[in-house]
Amino acid sequence: MSDHENPDQAPPANTGLLWFAGILLLIPMLALTPVGWYAKKDPELWGFPFFVWYQLMWVFLCSACTMAAYSLVKKARPHVPMRTSASLDAEDDR
Amino acid sequence: MYAQLPMAPEPSTPGNGVNGVALTILIVLFLIVTVMGFMASRWRRADSMESLDEWGLGGRSFGTWITWFLLGGDLYTAYTFVAVPAAMFGAGAVAGFFAVPYTILAYPIIFFFMSRLWSISHRHGYVTSADFVRGRYGSRSLSLAISITGFVALMPYIALQLVGIQAVLEVAGVGGSDNWLAKDLPLLIAFAVLAAYTYSSGLRAPAVIAFVKDILIYLVIIVAIIYLPSKVGGWSHIFDAVHAKTEVPPKPSKPGYGPAAPFVDTVGPKAQWAYVTLAFGSAMALFMYPHSITAVLSSKSRTTIRRNASILPAYSFVLALLALLGWVAIAAGTKPIGLDGKPNAQLVVPQLFEDQFPDWFTGVAFAAIAIGALVPAAIMSIAAANTFTRNIYKEWIRPNATPAEEAKVSKLTSLVVKLFALLFVFTMDKQNAINFQLLGGIWILQTFPAIVVGLYTRWLHRWALLAGWAVAMIYGTWQAYGIKSPATKHFGGSTDTIPVIGELGYIALTAFAINVIVSVVLTFVLRAAKAPEGVDETRKADYFVDSDDPRVQRYDADPYDGVPPDGKPA
């Protein structure tokens, strides 16, 4: 009997991995926040100002972060189908 | 202003009449898409289209790639193609390039909560976010507030799609006649076609068309971004030309209107807060729009959403390139002049294409933008119709409506909504559509606490959420009303001084902060006063289910998985 059969509890998960995934998702947000730092022309890359290529770079890095978070979350909380619907449909008297 | 720019190989030649080749290709591609739209109702056909699950959510059956195209088609609209480069061209980085961090930030944000929303909606048969709020908080009034906000915010958005088609037609040389019928006829035809296949095929139509749209768009942008820079003298030259434009002081504006902001090619110290708050606020608001939620709920499994969060940034990349086209146009000396003879920055990308590309490719590009308007317009009108049907018609007018009746009402509403958008475009100034769209963004973000916080905890009290929403809506509208710009006396922009901090910031995010503060404070008060909390029909495990789990189906009267409808009184 695993915990997920109790409808008032979240399915079991590896919280450490979930936290790690959460941090991965926070990285792009933190990276794009200091505008004052990246709003400058130099260093240029193929004629592109730093301001432009830094943000373009984060399109790819953010994708990598969410991809990694996706596989981490899948591992941290593998989906286990509910075994019965009867227990879930039971009324609760809250 | 343009005379100071280094000479462009082919300076713009606006107003050179109808571009026959481009127009023909535009019409042919439009016809192909129309046929696809009508055929779409047979695609993955269910036994009956007569329910919101089928008509309004495509049977909740879309896999990763269809969802990707649908969400992409949804979020990158014709207006994006027109407005983002126009802002880059006219005002520079702060007004235009914030769209890049905005679309990057949107995906980690949706990764956090959208799979939960998918699970709970799948389990309880929710079609809209207001359905979820209704079930979670047991509050009809909060649900009504959420649904009206969504519905009203969508209206100007749909109208803007038609503005996008208009921009393309205008540059192609159609619609210049003084006769109002001849002027508006092309748009009227496009509208009728869109309305007809949305009515018959529901969400399946935009899902099918989104493929064509995106392939055309990717093709056009990639060709444009490789071909155009070499034609106008390379990227270094483009950025130099853009920088030269920053030295030109803005024209003084008419008395009574706001001052024109100087053109900038980067984010100055005074605009940093504005840039960040615009990016974060817009990213948070993006998935509060009913049409985004419709696309998310139409996917067939929980993992589809999360997988999409990591492949959707491909669109952000395209959007960044598209934004840069606004700067390419500066180096190319494009002169976007409307058929009325007045300069109009909104026409800059179509004009750039017409100037620089052979006619046949211009036709493909125009088709990409026009079809790019049809897909989101269809999804938006479906989302608005679903919201009306579920949260207003069924909730307040006819509680006993059958699924077939719901589908019928929704189909008719989708027509009315589009008709309204059309009237909006015909009778009002385009500037109004843009102003209302800005306002819509401010409004829609105010549904965030009830929806997103509600996915994790029910701690916030339903009445506190309602009060927070109301205060933030009034504050946001009032602040936006006071913003002047060279083009308009009210609703001229979306940034204003943030109270306490004193920097320029996105009004929506300030209103959101007020919303959260009011909600939290009132929650303490209401809890102390033991105000009734309402019945929560969701269970914790509901937020983690996937497609193979049984459904409770509060709303679904066609329990094909053998589970009886939940008879629990709401």
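The values are calculated or read from the model by the stated rules, or taken from the named source; none is laboratory data. Just so we're clear, the structure is a prediction, and the values are computed from it rather than from any experiment. Using ideal geometry, Cβ is built from the backbone for each residue, glycine included, and neighbour counts are taken over all protein chains shown. Surface areas here come from the heavy atoms of the whole protein model, side chains and all, with no ligands, DNA or RNA. Shrake-Rupley method; radii C 1.70, N 1.55, O 1.52, S 1.80 Å.
Write out, first by first residue and then by second, each pair whose Cβ atoms fall under 7 Å of each other, whose residues are 6+ apart or on separate chains, and whose first residue, in segment B:383-407, is among the acidic types (Asp, Glu) while the second is open to solvent by 10 Å² or more (accessible area, probe 1.4 Å) and not in a helix (DSSP H, G or I).
B:Glu406/B:Ser51
Working carefully through the options A:Trp46, A:Trp19, A:Trp53, A:Trp37, find the one that is open to solvent by 40 Å² or more (accessible area, probe 1.4 Å) and at the interface with chain B (Cβ under 7 Å from one of its Cβ atoms).
Step by step, each of A:Trp46, A:Trp19, A:Trp53, A:Trp37 is checked, and only A:Trp46 is open to solvent by 40 Å² or more (accessible area, probe 1.4 Å) and at the interface with chain B (Cβ under 7 Å from one of its Cβ atoms).
Go through segment B:413-424 and count every residue that is open to solvent by 60 Å² or more (accessible area, probe 1.4 Å) and under 10 Å from B:Thr389 (Cα atoms).
So the answer is 0.
Answer yes or no: is there a residue in segment B:133-154 that is of a type in the set (Ser, Thr, Tyr), closer than 26 Å to B:Val416 by Cα and open to solvent by 20 Å² or more (accessible area, probe 1.4 Å).
Scanning segment B:133-154 turns up at least one residue that is of a type in the set (Ser, Thr, Tyr), closer than 26 Å to B:Val416 by Cα and open to solvent by 20 Å² or more (accessible area, probe 1.4 Å).
Answer yes or no as to whether B:Trp443 is modelled with pLDDT of 85 or more and either within 30 Å of A:Ala10 (Cα to Cα) or open to solvent by 50 Å² or more (accessible area, probe 1.4 Å) (or both).
no
Could you grab the pairs with beta carbons closer than 7 Å, sequence gap of 6+ or different chains, first residue in segment B:152-175 and at positive phi, second one open to solvent by less than 20 Å² (accessible area, probe 1.4 Å) and outside any helix (DSSP H, G or I)?
Filtered contacts from segment B:152-175: B:Gly173/B:Asn19.
Would you point out which residue out of B:Gln431, B:Gln437 is open to solvent by less than 40 Å² (accessible area, probe 1.4 Å) and closer than 30 Å to B:Ile165 by Cα?
B:Gln437
Among the residues of segment B:263-277, write down those that are among the aromatic types (Phe, Trp, Tyr) and under 16 Å from A:Trp37 (Cβ atoms).
The answer is B:Trp273, B:Tyr275.
Exactly one condition in (1) under 30 Å from A:Gly36 (Cβ atoms); (2) open to solvent by 10 Å² or more (accessible area, probe 1.4 Å); (3) within 14 Å of another protein chain (Cβ to nearest Cβ) is false for B:Pro101; which is it?
(2)
Quick check on this structure: which one of B:Ala192, B:Ala224 is open to solvent by 30 Å² or more (accessible area, probe 1.4 Å), over 25 Å from B:Leu297 (Cβ atoms), small (Gly, Ala, Ser) and away from chain A (no Cβ under 14 Å)?
Answer to the check: B:Ala192.
Does segment B:108-127 include one or more residues that are within 16 Å of the chain's Cα centre (by Cα) and either open to solvent by 10 Å² or more (accessible area, probe 1.4 Å) or touching a residue at least 24 places away in the same chain (Cβ under 8 Å) (or both)?
Among the residues of segment B:108-127, at least one is within 16 Å of the chain's Cα centre (by Cα) and either open to solvent by 10 Å² or more (accessible area, probe 1.4 Å) or touching a residue at least 24 places away in the same chain (Cβ under 8 Å) (or both), which makes the answer yes.
Pairs under 7 Å by beta carbon, first residue farther than 14 Å from A:Gln55 by Cβ in segment B:267-278, partner surrounded by fewer than 20 Cβ atoms within 10 Å (Cβ to Cβ) and among the charged types (D, E, K, R), six or more apart or different chains?
From residues that are farther than 14 Å from A:Gln55 by Cβ, the pairs are B:Trp273/B:Glu503.
With the structure loaded, tell me whether B:Gly440 is within 19 Å of the chain's Cα centre (by Cα) and not hydrophobic (A, V, I, L, M, F, W, C) or whether it fails that test.
For B:Gly440, the condition - within 19 Å of the chain's Cα centre (by Cα) and not hydrophobic (A, V, I, L, M, F, W, C) - is met.
Mind checking which residues of segment B:306-342 are in contact with a Ser or Thr (Cβ under 6 Å, 6 or more places away or on another chain) and open to solvent by less than 10 Å² (accessible area, probe 1.4 Å)?
B:Asn308, B:Ala309, B:Ser310, B:Pro313, B:Ser316, B:Leu319, B:Thr334
Out of all the residues in segment A:66-89, is one or more open to solvent by less than 70 Å² (accessible area, probe 1.4 Å), facing chain B (nearest Cβ under 7 Å), farther than 25 Å from B:Thr303 by Cα and modelled with pLDDT of 80 or more?
no
Give me a count of the residues in segment B:526-552 that are without any contact (Cβ under 8 Å) to a residue 60 or more places away in the chain, surrounded by fewer than 16 Cβ atoms within 10 Å (Cβ to Cβ) and in a helix (DSSP H, G or I).
Count: 2.
What is the one condition in (1) out of contact with any Gly (no Cβ under 7 Å at 6 or more places or on another chain); (2) within 26 Å of B:Ala541 (Cα to Cα); (3) crowded, with 23+ Cβ neighbours inside 10 Å that B:Tyr456 does not satisfy?
Evaluating B:Tyr456 over (1) out of contact with any Gly (no Cβ under 7 Å at 6 or more places or on another chain); (2) within 26 Å of B:Ala541 (Cα to Cα); (3) crowded, with 23+ Cβ neighbours inside 10 Å leaves (3) as the failure.
May I ask you to say which residue of B:Ile369, B:Ile382, B:Ile397, B:Ile392 is β-branched (Val, Ile, Thr), under 30 Å from B:Ala145 (Cβ atoms) and surrounded by 19 or more Cβ atoms within 10 Å (Cβ to Cβ)?
The unique qualifying residue is B:Ile382.
Could you check segment A:28-48 and list, in sequence order, the residues that are assigned to a helix (DSSP H, G or I) and not aliphatic (A, V, I, L, M)?
Correct list: A:Pro28, A:Gly36, A:Trp37, A:Tyr38.
In this structure, is B:Ala93 aliphatic (A, V, I, L, M) and at pLDDT below 85?
Taking the combined requirement at face value, the residue satisfies it.
When you scan segment B:514-523, do you find a residue that is at pLDDT 80 or above, within 30 Å of B:Gly125 (Cβ to Cβ) and open to solvent by 40 Å² or more (accessible area, probe 1.4 Å), even just one?
Yes, the conditions are met somewhere in segment B:514-523.
Condition first: modelled with pLDDT under 80, assigned to a helix (DSSP H, G or I) and among the hydroxyl-bearing types (Ser, Thr, Tyr). Can you find one or more residues in segment B:8-27 that meet it?
No, every residue in segment B:8-27 fails to be modelled with pLDDT under 80, assigned to a helix (DSSP H, G or I) and among the hydroxyl-bearing types (Ser, Thr, Tyr).
Please find, among B:Ala421, B:Ala401, the residue that is at pLDDT below 80, within 30 Å of B:Asp131 (Cα to Cα) and out of contact with any strand residue (DSSP E or B) (no Cβ under 9 Å at 6 or more places or on another chain).
Exactly one residue qualifies, and that residue is B:Ala401.
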